[in-house]
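Please read the structure below before turning to the comments.
Nothing in this text is a laboratory measurement; each read-out follows from the coordinates by a stated rule. These numbers were taken from a predicted model, which means no experiment stands behind them. Here the Cβ positions follow ideal geometry from the backbone for every residue, glycine too, while neighbour counts run over all protein chains shown.
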Amino acid sequence: MMSALDSAGFSIAPAGEAGPELWAKLAWESDLWIFAYGSLMWDPGFPYCEAVPALLRGHHRSFCVYSHGHRGTPERPGLVLGLDRGGTCKGIAYCVPAIDVPAALGYLWDREMQSRVYRLQELELELPPGGAKGLAFVVDRGHRNYAGGLSVAETARLIHQGVGRRGTARQYLESTMRELARLGVVDRSLHRLERAVRALAALECQAA
């Protein structure tokens, strides 16, 4: 039987081809898994019936997205996480009941797709009971807000300076690290980045 995802016609949903209007028209026949790797881990904002640790192969978590709204401004951008290609990523898979899927996807589209820097992709997840397909927000490397390839020092500087509507980029990093620690996940690149951000904050305090 064709799923709602199949009828929506996307494994990748670029700008203008999907959104709240589409979700509202679809009749969802089954529950849906959403893969969280950043702020959705500690602030999902949508109803779910189950949350389990999940592994995604072929992508990794990276501060590779310029933030000009949520965690920064156009004048002083911050950085937030994206799923970039290569490696693996451990996060949380949320199971959304079929009846709540249209509202959940509409909420996530409004929250995550304002700049269209992400592409909503259906990917294979490894869950404790076995494999399952789920949706994840993967960074679009061709987008102007893609910030891949920055040095640790420049990434730390942007996180240190970023302040936006949803708070600071540093708070975003700290909340992500706390959630990863709760899950027992060690992300060495993020630990290195966290140390660099703390060093900048210490220098700023000394100069004040």
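Looking only at the stretch 9-207, where both bridge partners belong to it, what percent of the DSSP beta bridges are antiparallel (to the nearest 5)?
The answer is about 90 percent antiparallel.
Any idea what the dipole of the chain comes to, in debye rounded to 20, about its Cα centre with Lys/Arg Cβ at +1 and Asp/Glu Cβ at -1?
It works out to roughly 880 debye.
Give the Rg (one decimal place) followed by the Dmax (whole number) of the chain, computed from C-alpha coordinates and expressed in Å.
17.3, 64
Looking at the chain, do any whole DSSP H helices span at least 27 angstrom along their long axis by alpha carbon and average -0.5 or above on Kyte-Doolittle, and which? Kindly include the intermediate steps, with their values, before the conclusion.
On the way: long enough: 188-207 (29 Å, -0.08).
What comes out of the filter, once short or polar helices are dropped, is 188-207.
Pairs of Cα atoms under 8 Å, at least six residues apart: use those to get the relative contact order of the chain, whole percent. Please list the in-between numbers first.
Values: 399 pairs, mean separation 53.4, N = 208.
Value for the chain: 26 percent.
On a C-alpha basis, how far is the centre of the stretch 69-91 from the centre of the stretch 99-143 in Å? Whole number, if you could?
The two parts, judged by their Cα centres, are 15 Å apart.
Between Glu124 and Arg144, how high is the FRET efficiency from 1/(1 + (r/R0)^6) when r is the Cβ-Cβ distance and R₀ = 25 Å? Nearest 0.05.
Once rounded, the FRET efficiency stands at 0.30.
Mean residue ellipticity at 222 nm from the helices of the chain, using -39,500 (n - 2.57) per DSSP H segment of n ≥ 4 over the full residue count, to the nearest 500 deg cm²/dmol?
After summing the helix terms and dividing by residue count, I get -10500 deg cm²/dmol.
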